Amino acid sequence: MSEQERPPEQPFEDSQPETLFIQHFCEEARPLSYYLKNMSGYSALKKALGMSSDEVINEVKKAHIRGRGGAGFPAGVKWSLIPKESAKAKYFICNADESEPGTFKDRDLMRYTPHLVLEGMAIGAYAIGAHTGYIYIRGEYVRETGILQAAILEAEKAGYLGKNIMGTGFDFEITIHRGAGAYICGEETALLNSLEGRRGEPRVKPPYPAIAGAFGGPTVVNNVETLAGVPFVLNRGGDWYAKLGRITNSGGTRIYEVSGHVKKPGLYELDSGSVTVRQLIYDYCHGILDDKKLKAVIPGGSSAPVLRADEIDVVADIDPMLKIGSMLGSAGMIVVSEDYCLVRLLARIVRFYAHESCGQCTPCREGTKWAQDILDRIEGGRGHQQDLGLILQVADNMNAKSLCALADAAAGPIISFVTKFRADFEAHIRGGKCPHA
Amino acid sequence: MADKILSDKFYSTMKKLEPRYPSKLALLLPALHAAQDEFGWLSSGVMDEVAEYIGIHPAQVREVATFYSMYNFKPVGKYHIKVCTNVSCSLRGAERLLEHCEKKLGIKVAETTPDKKFTVDEEECLGACGTAPAMMINDDYHENLDVQKLDRILGELE
């Protein structure tokens, strides 16, 4: 398909089309028996083990799986960056630290279809030549940790993980490593430090994890949803998977997460790029609570620059979002209705990033705190006329000036909220209080 | 070295994990989790013993442990209530729930009731935005909350 950003043509039906993941979600985790019978369980791994590692990587490259954690980096390319020969052991890591506000898909993938994630990891490990894998899971996901642990034991017992997998001589062992409450550990080099028993502070890059990652060895870190897609790529082919996506170079389905002021919040798995933000809100989520008007949408986790109500005809995929100055990120859409105070909302967002800044880089540590103070002041009715200029300046001084993207994650919302909804901020400053209060 | 505070179960859990990691330091977070599971919080003595087990200076244990929000450095109540007040939960009324908790239990955020039964904390995003507002009590999630449901849940706690 050569057309870029072709708007979806099929009429809306109030039932979701065939999905890779969500059709298998139910009250309980799907056990191995279900996975084998209904999801061609571990047949993709078996197929991969009969191929060369390059063939596996090429199939994943063809599939155009772009990272579902937020950065959108193609998984196949990431795998291909791992050196073939390495004196140090290689590691394959699943990033299950889901903590970007508005993001809640990985939790369901792990608790309902844990074996998909394990199989995806095993295929990736074979492709890069790793024998040790870790699932770095956020500490709060206690139940999901138990489910994954049980699934690993099931898979080991049946010979799908562990030593000499399916008699092929390939060994791959997965250990679950629990985080302990730190948003920044979703950043892959912070994750690696945390895994190694250190403070979760991002590292200086280069070297990139592909060259020197966990314990100094070449390392791949992939998001849960990214990995859950991998078995489908091997089973049905990279071309098939790529064609699920409506936009060139963005294959597969995508779990859109909608929260906030919609009537039907939740997860919606659709072909990547087959839907606009408007369709997600009004067709899938049945519109705004109490039939109020839409005020704003944060389209990709709380770090994504905000969209006004007149910008929601954008196709929900990576490139179209970038084109209008925002980002799809983790596809976590936060919907805000007309009567909610956006100053309060931005202040809450920035408070989060200020709290989660690891403190290593001055622009981030100081910038997020200063921005928080200014926003709290404006929200509390004590803002000055010059505060809007000041906060934009602070945001500019934070943006792209640190080791990782945390400061940018605060700067993007600040710049977009203040620019697009300037009147709301000015009303607070002029009136000395929140007009919504 | 003083008498051991951590149980045999702690040491046998760690023993099983050791071959899973290429370095002993990597066992630090798992060890702190296991230690906190035993006492509900990490006392100075416990952290010193973890340092001895890992083979690092006690200051290094504190340096790492204090980076993370889930480790408690003072005792918490039997029920540790963590109410998410991040964006999606906020949009769905999380602050009302938090205020209700504070009022009902007669404590402020980060405090524990005198009978040591409840601790209330404000929590960052729990990853339950589609079922907001949400909270955790100890290891369990409670979602789609409103004041009535919160009252019912709190009422059922012994």
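If only the Cβ of Lys and Arg carry +1 and only the Cβ of Asp and Glu carry -1, the dipole of segment B:8-67 around its Cα centre is close to 260 debye. For chain A, the relative contact order works out to 16 percent when only alpha carbon pairs closer than 8 Å and six or more residues apart are counted. Close amide H pairs (under 5 Å, H built 1.01 Å from N) link A:Ile135 with A:Cys94, A:Thr175, A:Ile176, A:His177, residues at least 5 positions away or on another chain.
Per the Debye calculation on segment B:8-67 with a single equal scatterer at every Cα and no solvent contribution, log₁₀ I(q)/I(0) for q = 0.30 Å⁻¹ amounts to -1.47. A simple spin-label model places the labels of A:Asn164 and A:His355 5.1 nm from each other, with each point 7 Å out along Cα-to-Cβ. Simple point charges give the picture: +1 on the Cβ of Lys and Arg, -1 on the Cβ of Asp and Glu, and for the protein assembly as shown a dipole about the Cα centre of about 660 debye. Under a no-solvent Debye model with one identical scatterer per Cα of chain A, what's log10 I(q)/I(0) at q = 0.14 Å⁻¹? Once normalised to I(0) and log-transformed, intensities are -1.30. Counted by neighbouring Cβ atoms within 10 Å, the residues B:Cys89, A:Cys26 run from fewest to most as A:Cys26, B:Cys89.
Could you work out the Rg to Rh ratio of segment A:197-274, with Rh taken as the Kirkwood radius (inverse of the mean 1/r over all Cα pairs)?
1.12
In order along segment B:141-158, the Karplus-derived 3J(HN,Hα) couplings, from 6.51 cos²θ - 1.76 cosθ + 1.60 at θ = phi - 60°, round to 7, 10, 10, 6, 7, 9, 4, 4, 5, 4, 4, 4, 5, 5, x, 7, 7, 7 Hz, and Gly and Pro are given as x. Kirkwood hydrodynamic radius of segment A:246-395, from the reciprocal of the average inverse Cα-Cα distance over all distinct pairs: 16.5 Å. Remark: A:Asp373, A:Asp97 ranked as A:Asp373, A:Asp97, counting other beta-carbon atoms within 10 Å and listing the fewest first.
What would the Debye equation give as log₁₀ I(q)/I(0) for chain B at q = 0.11 Å⁻¹, counting only Cα atoms as equal point scatterers? The Debye formula, applied to the Cα set alone, gives -0.53. Label-to-label distance, A:Arg236 versus A:Arg308, with points set 7 angstrom from Cα along the beta-carbon direction: 4.0 nm. Shown is the FRET efficiency for A:Glu156 and B:Ser23, computed with R0 = 25 Å from the Cβ-Cβ distance and rounded to the nearest 0.05: 0.60. For segment A:117-172, the Kirkwood hydrodynamic radius comes to 11.8 Å, computed from all pairs of different C-alpha atoms. Per-residue 3J(HN,Hα) values for segment A:100-106, derived from phi via the Karplus relation 6.51 cos²θ - 1.76 cosθ + 1.60 with θ = phi - 60°, read 5, x, x, 10, 8, 8, 5 Hz in sequence order (x marks Gly and Pro).
Each value in this text was obtained by applying a stated rule to the coordinates, not by laboratory testing. This structure is a prediction, so every number in the text was calculated from the model and none was measured. Neighbour counts are summed over all protein chains in view; Cβ atoms, including those assigned to glycine, are modelled from backbone coordinates with ideal geometry.
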